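Report on the following structure.
The values are calculated or read from the model by the stated rules, or taken from the named source; none is laboratory data. Since the structure is predicted, the reported quantities are computational estimates derived from the model, not experimental observations. Because the Cβ atoms are built from the backbone with ideal geometry, glycine has one as well, and the counts that use them run over all protein chains shown. What goes into the accessible areas is simple: the full protein's heavy atoms, side chains included, and nothing from ligands, DNA or RNA. Shrake-Rupley method; radii C 1.70, N 1.55, O 1.52, S 1.80 Å.
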Amino acid sequence: MRNTANRNILRWRVRAVVLCAVVSVVVAACGGDSGDEGGGGSTKKVDMAAELKKPATITVWAWTPGTEEAVEMFEKAHPNIKVKLQNVGQGPPHYQKVRTVLKSGQGLPDVIHMEFQFLPSFKLTDSLLDIKPYLPENFLSNYPEWIQKQINLDGGIYGVPWDTGPLGLIYRKDLLDKAGIKTPIKTWDEFADAAVKYHEANPDSYLVNMPGGQTGQWLGLFWQNGALPFTGDPQNLKVNLTDPKIKQVTEYWDKLYESGAISHDADFVDAWYQGFARGKYAGWLSAAWGPIFLQDYTKSSKGNWRAQALPQWEEGQNVSGNWGGSTLAVLKQSKSPAAATEFARWILNERQPVEMFSFERFLFPPQNFMLNNEQWLNKEYPFYGGQQVNKVYADAASAVDLNWQWSPIHEYIATQGDAIKAKSVDQGDGATAALQPWQDAVVTYAKQQGLTVAGE
């Protein structure tokens, strides 16, 4: 059933990242020859018209539902290119298998599903092809600037965007109305007041739940506030997880934890799903995939939910962060780089497959032409009282801060962040107390991996 498949992919998209039993393989994994300085392929433009006339067979590793339909569309448009689609697992099993075959050199796919935050680490091991010579000159202009920066690394292009996760707030309007809370909630100050007021009116319920261990969500909120925890490159990496803008976010939530107005239950477990179903949580700070994901677990409250922009640190601002999103990347060892790149470009840029993913599979689109698609923008969702939810998140997508940068050791950062922050919050010490231990662990690990790193 399609809804079940969609739930599976959405469930992975929000989970903490635990990719390998031994995380040191992040940097140590062997990834193809490293003959090109800067990690890219040849900068000479490829004659794609000539290359795509040649017969080719490519292997694609991806887990997103609907990809099999996109493959059929692609093969009809390119009858001389055969595609072998394989799902070797979602999330951690997928990445672990990729690293295993990169190390052995056996059974390599040509195209791999890869989330934005992992592009730098696979680029660091020289595993990814710079596909810029295989793409149209104006390729990057197809996307908002912040998405361009996710794939445009050191002047090369290392993935074709598939979906994204700009942040917003979804909430039960009926419950907030009953508690006398005015919506939409425009600022974080208003949100804090609303959280306290709501919990006072409903002692067994909370405006939202904010788990200490959900690093993806925390990073998205840091992102909104303009924090830069990672800057530079592997030769001069700066880690600043104690950035004052990060502390502003953690201290804000620590006050709400201390007041008892916000819960910090583990998310994406049965008790959390049931919490939404029975009204324990009246809202969720969620990415653009959240509205579809949530409605499967809260059917009894259909029609009562609404979506809005993230509250702002200053009234009148319009800034968001991002939680999630992925690409199709091409491995540098592919024997058919032109066909592999064309597959990634075609299914994620041509209107037929892109509309299928957006309308039928509910992926939040990164392409400008879809973000401006009136039919998609105006789609009304009965679960959200007929609200045009896509418009809310499309506006958020246009407001994501441009300066965010991922580190080349994200696996370690995420797993340590989950463990350290969850323990600190659950023990009552708060999220701010976890920042220095998290910083110290990341800096130590980065240096152990041979990176040149400066930490504050």
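Overview of results
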read-out: Selection within the stretch 376-393 - open to solvent by 10 Å² or more (accessible area, probe 1.4 Å) and either among the hydroxyl-bearing types (S, T, Y) or closer than 20 Å to Y143 by Cβ (or both); value: L377, Y381, N390, K391, V392
read-out: Unmet requirement for G303, which otherwise passes all of (1) at pLDDT 95 or above; (2) open to solvent by 40 Å² or more (accessible area, probe 1.4 Å); (3) over 21 Å from the mean Cα position of the chain (by Cα); value: (2)
read-out: Failed item in (1) modelled with pLDDT of 95 or more; (2) surrounded by 23 or more Cβ atoms within 10 Å (Cβ to Cβ); (3) within 22 Å of the chain's Cα centre (by Cα), with G156 passing the rest; value: (2)
read-out: Breaking point among (1) in contact with a Lys or Arg (Cβ under 8 Å, 6 or more places away or on another chain); (2) among the aromatic types (F, W, Y); (3) crowded, with 21+ Cβ neighbours inside 10 Å, for F364; value: (1)
read-out: Pairs, first assigned to a helix (DSSP H, G or I) in the stretch 177-195, second open to solvent by 70 Å² or more (accessible area, probe 1.4 Å) and of a type in the set (D, E), C-beta under 7 Å, six or more apart; value: none
read-out: Of all residues making up the stretch 340-352, the number that are within 14 Å of E51 (Cβ to Cβ) and either basic (K, R) or open to solvent by 10 Å² or more (accessible area, probe 1.4 Å) (or both); value: 3
read-out: Among the candidates N202, N138, residue that is surrounded by fewer than 17 Cβ atoms within 10 Å (Cβ to Cβ), modelled with pLDDT of 95 or more, farther than 30 Å from V269 by Cα and over 16 Å from the mean Cα position of the chain (by Cα); value: N138
read-out: Failed item in (1) open to solvent by 30 Å² or more (accessible area, probe 1.4 Å); (2) polar (S, T, N, Q); (3) part of a loop (DSSP other than H, G, I, E, B), with Q274 passing the rest; value: (3)
read-out: Odd one out for L102, checked against (1) out of contact with any Phe, Trp or Tyr (no Cβ under 8 Å at 6 or more places or on another chain); (2) under 30 Å from A307 (Cα atoms); value: (2)
read-out: Subset of the stretch 420-456 (residues that are in contact with a Gly (Cβ under 7 Å, 6 or more places away or on another chain) and surrounded by 19 or more Cβ atoms within 10 Å (Cβ to Cβ)); value: K421, A422, S424, V425, A431, W438, Q439, V443
